[in-house]
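Take a look at the structure below.
The values are calculated or read from the model by the stated rules, or taken from the named source; none is laboratory data. This one's a predicted model, so the numbers in the text were calculated from it and none came from an experiment. Here the Cβ is made from the backbone with ideal geometry for all residues, glycine too, and neighbour counts use every protein chain on show. Ligands, DNA and RNA are excluded from the accessible area calculation, which covers all protein heavy atoms including side chains. Shrake-Rupley method; radii C 1.70, N 1.55, O 1.52, S 1.80 Å.
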Amino acid sequence: MTTSNMPSRRTFLKGAGSLALVGAAAAACGSGKHLSQWYHQYGEQGTEQAAKKYAKQYKKETVQVSWKTGDYATLLSAALLGRNVPDVFESQFNVQMVHSKQVVPLDDIIGDARSDFSDIDLQTNSLDGKLYGIRMIDDPQLLYYRKSLLQNAGLQPPTTIEELINATNELAKAKTKGLFVGNDAGVGALGLVALHAAGGAQLTSDNQPGFTDENAINAYTQLRKLAKSKGLLMGAPTDWADPGSFLNELCAMQWCGMWAMPQIQAKFKDDFGVIAFPKIGAAGKPAVYSGGWTSFVAAKSKQVDAAKAFLKWLWIDQTKDQEDWALSYGFHIPPRKSVAAKATKLQSGAAADVVKLNSQYGFSDNPMWTPNVSAPYGDMLTNIMRKGNDPQKEVTKATGLVKTQLQRLNG
């Protein structure tokens, strides 16, 4: 779903988290005579046509699909604060959307299908026991590697952070670096993944900073070692969400998303594999960031019940279309477990490995981890990984700032 000409998921999240803060006037997008549904511009060919085909098949209401190019987060922010809101829209969930009364609970429409969604997809779209969004696609992020290059170097796929750092350096050759994790050395892509790989989480169960113990500090120390590795690719033409560096053999390993698999498979056939981010420390375990997109009903819609009925029809009842949406254009996991289990394209090879890894080691976003809450964490990572600052001092500083933002968020 993410290509070189599309914003990365993390870029979108930074904007989506400010939905409750932007005060721009909205452009008209619905008159109450039909249902309006918003999508961001997907990178895969055929997705716009598919979305409009599904909407046309719905017989109870006329559904007008709006395919939004440009800065989707800003456009959506403005629309949700205006008078004419999209009835159904895709985004990523956070607590500000509830506090600002921008979305409605959907517990009444998910029904028995709830057990067919993973706990990860339910938790990332829930707050205070209420479900506010229905996941549309799952987009795991993993580590791709060239089998032949590792074998020629006498290396196995890394299972620990130490092995990853070693492989990064050992695989570096004249024209090919060992690893690519982004042009910021992994600050954006790996900051939360490494924390989870160390056995932690950004927030505790009672929504306090969870990145403060010695395991977390060890994770950041190891990330700094990785960032300074001579075998790390920097200054690539495209960033980590685009598989271009891997496809053009600029690196032997790359952190990227499941969406890149068709291109990688077309180029390298069976000469590639996928693994979770390796564990860090004795308390750690492999980690997979499980991103994706979710469908919501706007609280200010003039037709909330009709919008909920359409969302249920499309993202809960229409299992054939859900598989088509996930796998006929791009390459994603259908969130419905029963649909994914029957999808032919996910039954073998690297695709099956991704499904298994996502099930075993996947984690997703915490609705409380809004952009304002997470900003000090990002600054902390930059100061540790890129500037070489003392990890303990940076963690202490970030902890205080995150606590302040959480207090503001909770009133």
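Quick one: would you say GLY400 is without any contact (Cβ under 8 Å) to a residue 12 or more places away in the chain, out of contact with any strand residue (DSSP E or B) (no Cβ under 6 Å at 6 or more places or on another chain) and open to solvent by 50 Å² or more (accessible area, probe 1.4 Å)?
For GLY400, the condition - without any contact (Cβ under 8 Å) to a residue 12 or more places away in the chain, out of contact with any strand residue (DSSP E or B) (no Cβ under 6 Å at 6 or more places or on another chain) and open to solvent by 50 Å² or more (accessible area, probe 1.4 Å) - is not met.
Is it the case, given these coordinates, that LEU171 is closer than 18 Å to MET380 by Cβ and open to solvent by less than 50 Å² (accessible area, probe 1.4 Å)?
So LEU171 fails the test.
Given the options GLN407, GLN392, name the one that is open to solvent by 30 Å² or more (accessible area, probe 1.4 Å) and without any contact (Cβ under 8 Å) to a residue 24 or more places away in the chain.
GLN407
For the range 337-360, enumerate the residues that are closer than 21 Å to PHE272 by Cα, in a helix (DSSP H, G or I) and open to solvent by 80 Å² or more (accessible area, probe 1.4 Å).
THR344, LYS345, LYS356, SER359, GLN360
Among the small types (Gly, Ala, Ser), at pLDDT 95 or above, open to solvent by 50 Å² or more (accessible area, probe 1.4 Å) and not in a loop (DSSP other than H, G, I, E, B): is that true of ALA326 in this structure?
So ALA326 does not fit the description; no.
Within the range 292-314, is there a residue that is at positive phi and open to solvent by less than 20 Å² (accessible area, probe 1.4 Å)?
Checked against the condition, which is being at positive phi and open to solvent by less than 20 Å² (accessible area, probe 1.4 Å), the range 292-314 yields at least one hit.
Being part of a loop (DSSP other than H, G, I, E, B) and surrounded by 20 or more Cβ atoms within 10 Å (Cβ to Cβ) is the filter here, so list the residues in the range 282-291 that pass it.
GLY284, PRO286
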